[in-house]
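To start, the structure under review is shown below, and the notes come after it.
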Amino acid sequence: MILLYPYWRGGVNEFSFLLMIGGGLGLWRVSRQRELQWLDGAILTILCALIGARLGYVLINLAYFREVPEEILQFWLGGLSAPGALIGGLLGIGVASLLFRVSYLRMSDRLYPLLPPLAVSCWLGCWLAGCAYGAVAQPGWLGVPAPDEAGWMTWRVPVQPLAALSLIVFYALMEALIPIPRPSGWLSSLALAWLTLVNLVASLFRADPIPVWNHFRIDTWVYLGLELLFLSCFTILHFTAHRHSRGKQANV
């Protein structure tokens, strides 16, 4: 499930501070479920997401790290990847489900409370730190003053605050309106599908440097694949539950 945001190489204080707040809030939300039962799984998932974020950044910039391999483990210099964090978080959920002997889908729902605060805090951290910045735009409603990685201020598409706002609104409505009970995996797959969609759209307006393949950024392609995965999972769970519910009503 989870976490971190796009490609970051600088702004340690701002990004780390907001990430710490988001992680703490997410762990607090998880801890409110059944007397800390899932807190260890949440911590494990965050650690796996951080490892995946660093590994993803290294793989994307492999040409650079081949020249300076000693920097691979020097994560404090900066360099985290959002797609890597998502994949690492998914693997972390798998490990937690094995340790707790709980199905993967059920564990992903139990750890869902981590996602909203971490996702929002990472996008806001990127905004303050000058990473994942948008393309240059004209002053006005489409452009706002924003820094890049070097700290230069110019008018840019406000990718980071718009992404954070879209996540806040969606998750608030989802938690307020979605009925209970629901099938295992339904909540987390919907939440992840929306997160990936936001990241996918945001990647089309970003201007920070990253390798390109077939005219699109590498992260755009990864988000597209993850979006198909999460959306397919949600669709299957939704229609399976709907069919099961109709079958019950027919039997009655």
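The values are calculated or read from the model by the stated rules, or taken from the named source; none is laboratory data. The structure displayed is predicted, hence computed values, not measured ones. Methodologically, a virtual Cβ is constructed for each residue, glycine included, from the backbone with ideal geometry; neighbour enumeration extends over all protein chains shown. SASA here: full protein model, heavy atoms, side chains in, ligands and nucleic acids out. Shrake-Rupley method; radii C 1.70, N 1.55, O 1.52, S 1.80 Å.
Applied to segment 129-138, the Karplus parametrisation 6.51 cos²θ - 1.76 cosθ + 1.60 on θ = phi - 60° returns per-residue 3J(HN,Hα) values of 7, x, 10, 6, 7, x, 5, 4, 9, 6 Hz, with x for Gly and Pro. Computed with a 1.4 Å probe over protein heavy atoms only, the accessible surface of segment 58-211 comes to 48 Å² per residue.
Taking every DSSP helix (H) stretch of at least 4 residues in the chain, weighting each as -39,500 (n - 2.57) and dividing the sum by the residue count yields a mean residue ellipticity at 222 nm of -21500 deg cm²/dmol.
Using the Karplus relation 6.51 cos²θ - 1.76 cosθ + 1.60 with θ = phi - 60°, the per-residue 3J(HN,Hα) values for segment 185-191 come to x, 5, 5, 5, 5, 5, 4 Hz, with x marking Gly and Pro. Evaluate E = 1/(1 + (r/R0)^6) for Val201 and Leu77, where r is the Cβ-Cβ distance and R0 equals 22 Å; express this FRET efficiency to the nearest 0.05. Approximately 0.15, to the nearest 0.05.
The candidate values are (1) 164; (2) 102; (3) 142; the one derived from this structure for volume of the Cα convex hull per residue in Å³ carries the label (3).
What is the packing order of peptides 146-154, 177-185, 228-236, 126-134, taking the mean over residues of other C-beta atoms within 10 Å and listing the highest first?
So the order, starting with the most tightly packed, is 126-134, 228-236, 146-154, 177-185.
At a 1.4 Å probe radius, carbon and sulfur cover how many percent of the accessible area of segment 53-184? The nonpolar share, carbon plus sulfur, comes to 71 percent.
Taking amide H as placed 1.01 Å from N in the peptide plane, Leu80 has its amide H under 5 Å from the amide H of Trp8, each at least 5 places away in sequence or on another chain.
Taking a point 7 Å from the Cα of Thr240 along the Cα-to-Cβ direction, the residues of segment 165-208 with backbone N closer than 13 Å to it are 183-187, 189. Projecting the Cα positions of Ile180, Gln37, Gln160 onto the charge dipole of the chain (unit charges on Cβ atoms of Lys, Arg, Asp and Glu, taken about the Cα centre) puts Ile180 furthest along the positive direction.
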